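Worksheet for the structure shown next.
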Amino acid sequence: MAWVAWRTPKERVFRVLDAGLLVLLGALLGARAAFILTHPGFYQIHWLATILLWQGGLSWPGALAGFGLSLALAAGLARSSLGELADSLLPLLPPLLVGIWLGCWLTGVAYGPAAPQAWWGMPAPDEWGTWAMRFPLQIGSALLTLVIFWLIDRLRPWLKRPGQAASLAYLGTSALTLAVACLRIDPVPMAFGWRWDILAGIFFSVVFLLFTLVVFWPRKGISSQPQVTHKA
């Protein structure tokens, strides 16, 4: 949030910070709601556990859906364009996403296949807390997240239209998450015979690809021919 405030013009800083808090809250509620919906058996018995957020139980597709819906709501309340607000809140994502990947590494979520003999393997726990040398999926994802946002920051001088930087960030993040979903081997709820995180990754990748095409699509401006005067 401090990074957002630093990069926002002073006349808009409080509106953008309010929008940032709303977006973070929406992402948190969406992540919790999606986890509860995909684990109904446990929460039907332990319904009071639905409010115990500190015990874990968050789902990234729900977080992304909550982020998008609350971003649209915040843009309406702030009377700002969706693309402009998305660009302003872009600094929220790198530390948030890197922190999530590191948290997954420490808690045995989204771990990769075992690699006991590989020199590039890294110790990572599974859901039972057993550490083993594995494909560095979480750490690699954290590093790739930094690379994605670094590249977008380098491209910012050429991204003139509101929403272009944010669309690239969302597309890169969703594509990375889809790749991780295809490589991770920890247990995940199934839907239609597929891991539901893979289905969610495909869905969000397509949505953000369309969003990127819309904001980058050439638009014809209104131009007029300059008048030519002839001197006698």
Check your understanding: Relative to the first principal axis of the alpha-carbon coordinates of the chain, what is the inclination of helix 93-107, with its axis defined by its Cα atoms, in degrees from 0 to 90 and to the nearest 10?
Key -> 10
Exercise for review: Once you have the Cα-Cα distance between L155 and Q55, take 0.36 nm times their residue separation minus that, and quote the gain in nm to one decimal.
Suggested key: 32.1 nm
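I need the per residue convex hull volume for region 1-88, using only the alpha carbons, in cubic angstrom as a whole number.
For region 1-88, the hull spanned by Cα atoms encloses 98 Å³ per residue.
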**Study point:** Shape of region 1-155, Cα gyration tensor, a/c cut at 1.5
**Key:** oblate
Review point. What is the Cα centroid distance between region 83-151 and region 172-190, reported in whole angstrom?
Key: 11
Check your understanding: Cα-Cα pairs above 18 Å in region 71-130: how many percent?
Key -> 57
Check your understanding: Kirkwood hydrodynamic radius of region 137-228 from all distinct Cα pairs, in Å?
Key -> 15.4
Review point. If you place +1 on the Cβ of every Lys and Arg, -1 on the Cβ of every Asp and Glu, and leave all else neutral, what size is the dipole of the chain about its Cα centre, to the nearest 20 Debye?
Key: 1020
Exercise for review: State, to one decimal in nm, how far the label point of V214 lies from the label point of V147, with both points 7 Å from Cα in the Cβ direction.
Suggested key: 3.0
Practice item. Would you mind checking which residues have amide H under 5 Å from A132's amide H? H placed 1.01 Å from N; only 5 or more apart, or other chain. Key: A124
Review point. Say each of L199 and A179 gets a label point 7 Å from the Cα, pointing the same way as Cα to Cβ; how far apart are those two points in nm?
Key: 2.5
**Study point:** In degrees, nearest ten, helix 60-78 long axis to first principal axis of the chain (Cα)
**Key:** 30
Review point. Counting pairs of alpha carbon atoms under 8 Å apart in space and at least six apart in sequence, what relative contact order in percent does the chain give?
Key: 16
Review point. Relative to the longest principal axis of the chain, what angle (0 to 90°, nearest 10) does the C-alpha long axis of helix 196-216 take?
Key: 10
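Only the coordinates and a few stated rules stand behind these numbers; no lab work does. The structure presented is a predicted model; accordingly, all values stated were derived computationally and were not measured. Every residue, glycine as well, gets a Cβ built from its backbone with ideal geometry; the counts of neighbours run over all protein chains shown.
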